[in-house]
Amino acid sequence: AGTSFIIPDVHIKRGPARARIRTDSTITAALSLLDEEPFRFMTKAGMPVTLADGRAQVAGRLDFLLKPDLQPDEVAFDVAGTLRDVRSETLVEGRVLAAPELTLRAANDGLSIEGEGRIGRVPVTALWSSALGPEGGGESHLTGDIELSERFADEFGIGLPPGSLSGVGRADIDITLQRGAPGAFELRSDLAGVGLALPALGWSFAQGARGNLEVTGQLGQPPRIDRIALDAGGLQAQGDVVLNADGTLERARFNRVRLQEWFSAPVELVGRGAARVPQILVSGGTLDLRKSSFGPRAGGGGGGSSSDSAQRAGPVSLVLDRLQISDGIALTGFRADFDMSKGTSGSFTG
């Protein structure tokens, strides 16, 4: 209702015409209209018309000539609309995207959907856009900012030990979506509002501080973390994460971890199942006990009790090139297996 078709001058052969469109329909019906010949906007964007469930109210115009064999570049097209109660399992493969309200715009230069919603359980404010025509190549982009919290780490399989992330911050995210392939994502954050803690190393990062976190990988089931880089509170680490098919941590490998002036070594976190603290493997490098806060006696930096820290600690296997104990005592060829939940308890050789 409210749609009109206008021919300004019927005396002009193959003259100009305009359609003023108003629709109130399902999102699938609205996107099907955008995918009609000669436009085929959804097809060109590499997306199905069944992109999402929900309702759509759309208004816009079409300007074209009344002629046979009309070509897409002979049509001026501009449509805007509101999508409500949106739910999509297609827009971001492997994740459910839901939003109470989004805005839609389609024109000759591209198609976009924008607003606030959730990816899985994680709040996000984002803009999805796709160029139309051959230059689009079936590729689209989702850009915006996303909540950075423990539920984000769980949703995207970052591989952090349980309880090591607290508070809520924001991160910039960019997801490249290619037709027929899982989305590749990049994430960056200054960690403002986020607290981090590794009780086994006696390290913590306060929620009021700032640092740098970068994560790149690929969405899907399970997601793939190709690179994770952290620089915060005197801790620098860079590596990748491998997840099991059920999304739990298999292994996180950091080729070099530096902690202030007392620790420098390659580190691996080996998963031990859901909700269990990973095993820490250290292979090579140096540790200086004179300057360290090694072990749960440091309290984890999160303000919890020593029992809380013990619950968030697990087994640690150390193979160190050098362990400096005091100014006059050092061990080389150091090997140890510790149970950090009981303090720094275990046996060693060197």
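The values are calculated or read from the model by the stated rules, or taken from the named source; none is laboratory data. Quantities reported herein were computed from a predicted structural model and do not represent experimental measurements. Ideal geometry is used to build each Cβ from the backbone, glycine not excepted, and the neighbour counts take in all protein chains shown. These accessible areas exclude ligands, DNA and RNA; they are computed on the full protein's heavy atoms, side chains included. Shrake-Rupley method; radii C 1.70, N 1.55, O 1.52, S 1.80 Å.
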Worksheet item: Taking the mean number of other Cβ atoms within 10 Å as a proxy for protection, how do you rank 2-8, 261-267 from highest to lowest?
Response: 261-267, 2-8
Worksheet entry | Distance between modelled label sites at Thr125 and Thr176, nm, 7 Å Cα→Cβ extension | 2.6 nm
Worksheet, complete the sentence: Note to self, the chain gives a 222 nm [θ] from helices alone (DSSP H runs n ≥ 4, -39500 (n - 2.57) apiece, / all residues, nearest 500) of -1500 deg cm²/dmol
Practice prompt. Search the structure for amide H atoms under 5 Å from the amide H of Ser164, placed 1.01 Å from N in the peptide plane, and list their residues when 5 or more places away or on another chain.
Written response: none
Worksheet item: Calculated FRET efficiency, Glu186 and Glu116, Cβ-Cβ r, R0 25 Å, to nearest 0.05?
Response: 0.75
Practice prompt. Keeping the other protein chains in place, figure out the carbon and sulfur percent of the accessible area of the chain, with a 1.4 Å probe.
Written response: 50 percent
Fill in: Extended-chain gain in nm, criterion 0.36 nm per residue less alpha-carbon gap, Arg227 and Asn212
4.0 nm
Worksheet, complete the sentence: With the 1.4 Å probe rolled over protein heavy atoms, the chain has an accessible area per residue in Å² of 48 Å²
Worksheet entry | Semi-axis lengths, Å, the chain, gyration tensor of Cα atoms, sqrt of 5 times eigenvalues | 56, 17, 15
